[in-house]
Amino acid sequence: LVGYSLLQQQQGPANDRLREVLLAAQAEKPGAKILDELIVALAFDPSANVRLRALEALYAHSDHASVRAGVVAALPREQNPLVQLELIDFVATARDREAAPLLERMSREDTVDQSVRTAARRALAQL
C-alpha cells in the first residue's frame, strides 16, 4: 500500500509525498517493494526534503545490496549539494566500495561543489 501510494503521490504536493516517505520509514520490516519505492523517491522526487527523508529511511537497510546500489545510482543524478553530501555519507558509512570510481570522478570534477568534492575525497579514504 505504501509503495503504491509513493508512486501515486509523486505528482502531488511535496508534503503529501513526504508523509508517504515517513510512513514507509516507520515500517518495521519493509519489503522489497517499499525499499524500491524509497529508492525511486530518493532518485526522482523533485523535492530535496523528500529525497533526504527517503535516504534517511534507507540507512537502516544499508546491508541490502539493492539499497546500496540504488543510492550509488542516485548520486550522479543529484544536483543539490546538500543531498549529494548525504548520499556520500551513506556510501561511506555503508563502506560501499562499488562507489569508489564515482567518488573519484566527483572529487576531480570542477563542476561539482567544493564541499562535495572534499566529502568525496574523505569518503574514498574511508572505503
Lys, Arg +1 and Asp, Glu -1 on Cβ, resulting dipole of the chain about Cα centre, debye, nearest 20: 180
Angle between the chain longest axis and helix 48-58 axis [Cα atoms, degrees, rounded to 10]: 90
If you line up the long axis of helix 81-94 against the longest principal axis of the chain, both from Cα atoms, how many degrees apart are they, to the nearest 10? 90
Contour minus Cα-Cα span, Tyr59 to Arg121, at 0.36 nm per residue, comes to 20.2 nm
What whole-number distance in Å separates the alpha-carbon centres of the range 26-80 and the range 102-127? 21
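For the chain, go through all pairs of different Cα atoms, get the mean of 1/r, take its inverse, and jot down that Kirkwood value in Å.
Kirkwood hydrodynamic radius for the chain: 14.6 Å.
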Taking only Cα atoms, what is the 0 to 90° angle, nearest 10, from helix 14-26's long axis to the longest principal axis of the chain? 90
Computed [θ] at 222 nm, deg cm²/dmol, the chain (DSSP H ≥ 4; -39,500 (n - 2.57); rounded to nearest 500): -22000 deg cm²/dmol
With +1 on the Cβ of every Lys and Arg and -1 on the Cβ of every Asp and Glu, the dipole magnitude of the range 65-114 about its Cα centre, in debye rounded to the nearest 20, is 220
Have a look at Val83, Ala94, Ala60 and report the one farthest towards the positive end of the charge dipole of the chain, computed about the Cα centre with Cβ charges (Lys/Arg +1, Asp/Glu -1). Ala94
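Throughout, read-outs are computed from the coordinates displayed, never taken from laboratory work. Remember, predicted model here, so these are calculated numbers, not experimental data. Every residue, glycine among them, receives a Cβ derived from its backbone with ideal geometry; neighbour counts consider all protein chains shown.
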